[in-house]
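One structure is given here, and the rest of the page talks about it.
We did not get these values from a lab; they are worked out from the coordinates using the rules stated. Because the structure is predicted, anything quoted here is derived from the model rather than measured. Here the Cβ is made from the backbone with ideal geometry for all residues, glycine too, and neighbour counts use every protein chain on show.
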Amino acid sequence: MAVELDGILRNVPAQHHRTGLLAGRMLTARVFRAESVVAGECPVPVPMGLYRPMDDTDPRLIVIDSAGEKWVMGFTAQHRLERYRITGWSEVDPL
């Protein structure tokens with residue numbers, strides 16, 4: 001899936017979940033940096049959750065997967081029960 005963030009476009013592996021807690025959502029590989037007001041910068045790269053767009057979704061937040069399906073970028077992530085906000089691309093390349 002092609003994702004543009006901070007003006008940088010990258011192809012990111014992502015998986016569509018059909019069952020379970022993430023049913024109906026897409027989850028990318030762990031390639032994003034995130035921060036928390038409480039915990040500071042997340043010690044590891046985090047994945048981005050994507051979901052289906054609504055009619056009034058800002059088109060700048062929409063990405064399209066290899067099947068031509070539209071998804072909306074989500075900017076919250078979780079690590080060890082702490083909530084983080086995605087702030088950019090991770091400098092660590094796990095791919």
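Please work out if THR76 is within 19 Å of PRO13 (Cα to Cα) and of a type in the set (S, T, N, Q).
Yes: the conditions hold for THR76.
How many residues are surrounded by fewer than 18 Cβ atoms within 10 Å (Cβ to Cβ) and part of a strand (DSSP E or B) if we restrict to region 13-27?
3
Pick out the one residue from ARG10, ARG30 that is assigned to a loop (DSSP other than H, G, I, E, B), within 20 Å of TYR84 (Cβ to Cβ) and among the charged types (D, E, K, R).
ARG30
Residue-wise test of (1) of a type in the set (D, E, K, R); (2) in contact with a Pro (Cβ under 6 Å, 6 or more places away or on another chain).
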| site | (1), (2) |
| --- | --- |
| THR28 | no, yes |
| GLY40 | no, no |
| ASP58 | yes, no |
| ASP65 | yes, no |
